[in-house]
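Read through the structure below, which is laid out as structure tokens, and then see the notes.
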């Protein structure tokens, strides 16, 4: 069902006003208020809250209910903190953003490009995942990355202008195939989020916190067919240092056995294991309110 013009304009004005208000505040205040605002919203989470509680039961069955509530509250706070950061992407002077980001592992990206091959950077919804792309452009490493277009065209245009203002390019998932291949075959950099639930025809089942999760096979197939390097990049929040760690890890080792189906499964499991590692390191900064285990193997009962 398409949205009315009135609904589109109302949502756009609300989004633009939020970004303007948070962008006007000093960055540390913007992040703090965003986190506190979202912390309050956690108590009115409705279905999002129930999804988060169910996910945490699956991932951390040994934790107490109070500890899982703390992690869910942290999930909402993380979203609010990212709103505060995102609102400052529009600022002309980017020094304030650079001051709260520690960029680590750039040498891995440089070395990957030195091979003359395409580079795939994968990440998950941990910490400020928008910084995993915008932060790289901020430090002089722009890339193209896949996005799911927002169903409000005015908000989509607004968000896209913010994401791409320092040289990044966004690619809509529905019309991506040719452009993706052109980028990688030309030695370019492609960014992909890999921790969302996928429909069965678009993914394969691999283990995530010991539960089968339908996961995109796109990264694995692209890497194997274009001989591209595959590197993890994450941007968690370090509370002790009050900074984001924009971390680029060493490339994954890709094994070619001659059985493409098995190679795709193995590589997809490897990158999913990396995402799980980061979620375990920063368990209150992952998107627990997403129905990650919605798609089930044939014959299995619904989880939610």
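The values are calculated or read from the model by the stated rules, or taken from the named source; none is laboratory data. These numbers were taken from a predicted model, which means no experiment stands behind them. We place every Cβ from the backbone using ideal geometry, glycine too, and count neighbours over all the protein chains shown.
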Determine if region 228-248 includes at least one residue that is under 28 Å from residue 174 (Cα atoms), outside any helix (DSSP H, G or I), more than 19 Å from the chain's Cα centre (by Cα) and at pLDDT below 95.
-> no
Mind checking which residues of region 200-212 are in a loop (DSSP other than H, G, I, E, B) and either touching a strand residue (DSSP E or B) at 6+ places or on another chain (Cβ under 7 Å) or surrounded by 15 or more Cβ atoms within 10 Å (Cβ to Cβ) (or both)?
-> 209
Take the residues in region 282-295 that are crowded, with 17+ Cβ neighbours inside 10 Å and in a loop (DSSP other than H, G, I, E, B), then tell me which one is farthest from the chain's Cα centre (by Cα).
-> 295
Residues that are surrounded by fewer than 19 Cβ atoms within 10 Å (Cβ to Cβ) and in a strand (DSSP E or B), drawn from region 104-131 | 104
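Residue by residue, here is whether (1) touching a strand residue (DSSP E or B) at 6+ places or on another chain (Cβ under 9 Å); (2) more than 30 Å from residue 253 (Cβ to Cβ) holds:
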site	(1), (2)
104	yes, no
110	no, no
114	no, no
119	yes, no
148	yes, no
151	no, yes
165	no, yes
Looking at residue 279, is it in a helix (DSSP H, G or I) and within 16 Å of the chain's Cα centre (by Cα)?
-> yes
Please identify the pairs in which a residue from region 213-234 that is on the phi > 0 side of the Ramachandran plot has its Cβ atom under 6 Å from the Cβ atom of a residue that is assigned to a loop (DSSP other than H, G, I, E, B) and surrounded by fewer than 19 Cβ atoms within 10 Å (Cβ to Cβ), counting only partners at least 6 apart or on another chain.
-> 227/117
Output the residues belonging to region 13-55 that are surrounded by 13 or more Cβ atoms within 10 Å (Cβ to Cβ) and more than 24 Å from residue 125 (Cα to Cα).
-> 25
Restrict the check to region 155-167 and report whether at least one residue is buried (at least 20 other Cβ atoms within 10 Å of the Cβ) and in contact with a helix residue (DSSP H, G or I) (Cβ under 7 Å, 6 or more places away or on another chain).
-> no
What residue, of 155, 204, is closer than 20 Å to residue 261 by Cβ and over 15 Å from the mean Cα position of the chain (by Cα)?
-> 204
For residue 262, state whether it is surrounded by fewer than 19 Cβ atoms within 10 Å (Cβ to Cβ) and free of Cβ contacts under 8 Å to residues at least 24 places away in the same chain.
-> yes
